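Everything on this sheet refers to the single structure shown next.
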Amino acid sequence: MRKDSIRDGRSRRDPYEVTVAGVGYLGECNEHPMHMRLKKTWSHMLDRCYVPSCKEYAYYGAKGVLVCTRWHSFAAFLEDIQSIPGYSQFRSDPGGYHIDKDHFGGTVYSPETTAWIPRWVNRSYTHWKPFVATSPSGVAYTHGSASMFAELHGLYGHSVSRCLRGERPH
């Protein structure tokens, strides 16, 4: 316990004591209008990455996903989060937005690699299975879906689908 954490004869928890997921600590933070919601987001982010008993750990921590050292501090997370892309949308619809590191293709949650994205977009990353098309010459093309592949290559989506079902030659 630090000396400056004693006030009026009562003790206060050390703000630098690690209390979340074996790495996270509160730090010295000011009250924020969305303090509780953001604390829950921060805590769950750390759990997914560092707590093997967390049900989502297999998809995050076990695959090498990390949280930058700066964000081990909730105070630093609060300080940075307002400049993360999509924050104003999150503020207007907190339940409709998730914090995401996949949007920029990262494996680290950090101020540089994270965005607030709509929940439905985040879920599409979770269930994303790549569409792989192989040309007659053997070149493989990977895209998010058959329709995305068709659009990017100047084809009609229905023609690609018919080809895949064997209803049309390639």
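The values are calculated or read from the model by the stated rules, or taken from the named source; none is laboratory data. The shown structure was predicted, so the numbers you read here are calculated from the model rather than taken from an experiment. Every residue, glycine as well, gets a Cβ built from its backbone with ideal geometry; the counts of neighbours run over all protein chains shown. Ligands, DNA and RNA are stripped out before the accessible areas are found, and what is left, the full protein with its side chains, is counted by its heavy atoms. Shrake-Rupley method; radii C 1.70, N 1.55, O 1.52, S 1.80 Å.
Against the numbered list (1) modelled with pLDDT of 90 or more; (2) open to solvent by 80 Å² or more (accessible area, probe 1.4 Å); (3) of a type outside the set (Lys, Arg), Asn30 comes up short only at (1). Checking the structure you have, find out if any residue of the stretch 115-124 is open to solvent by 70 Å² or more (accessible area, probe 1.4 Å), over 30 Å from Gly95 (Cα atoms) and at pLDDT 70 or above. No, the conditions are met nowhere in the stretch 115-124. For Phe149, indicate whether it is modelled with pLDDT under 75, open to solvent by less than 80 Å² (accessible area, probe 1.4 Å) and closer than 30 Å to Tyr57 by Cβ. Answer is no for this residue.
For the stretch 104-114, the condition holds for at least one residue, the condition being that it is modelled with pLDDT of 75 or more, part of a strand (DSSP E or B) and in contact with a Phe, Trp or Tyr (Cβ under 9 Å, 6 or more places away or on another chain). Within the stretch 51-65, being surrounded by 16 or more Cβ atoms within 10 Å (Cβ to Cβ) and either modelled with pLDDT of 95 or more or part of a helix (DSSP H, G or I) (or both) holds for Val51, Tyr57, Gly61. Answer yes if at least one residue in the stretch 85-100 is open to solvent by less than 30 Å² (accessible area, probe 1.4 Å), part of a loop (DSSP other than H, G, I, E, B) and within 22 Å of Val20 (Cβ to Cβ), and no otherwise. No, that holds for no residue. The residues of the stretch 61-75 that are under 25 Å from Arg91 (Cβ atoms) and touching a Ser or Thr at 6+ places or on another chain (Cβ under 9 Å), listed by number, are Val67, Cys68, Arg70, Trp71, Phe74. Just to be sure I understand the filter: pairs with C-beta atoms under 9 Å, separated by 6 or more residues or on different chains, first member in the stretch 148-169 and farther than 17 Å from Pro136 by Cα, second member aromatic (Phe, Trp, Tyr) and open to solvent by less than 90 Å² (accessible area, probe 1.4 Å). Which pairs pass? Within 9 Å, the pairs are Met148/Phe131; Leu152/Tyr141; Gly157/Phe149. Can we say Arg70 is open to solvent by 20 Å² or more (accessible area, probe 1.4 Å) and touching an Asp or Glu at 6+ places or on another chain (Cβ under 7 Å)? No.
Pairs linking a residue in the stretch 122-141 that is under 17 Å from His103 (Cβ atoms) and in a strand (DSSP E or B) to a residue that is open to solvent by less than 100 Å² (accessible area, probe 1.4 Å) and modelled with pLDDT of 60 or more, with Cβ atoms under 8 Å and 6 or more positions apart or on different chains, do not occur.
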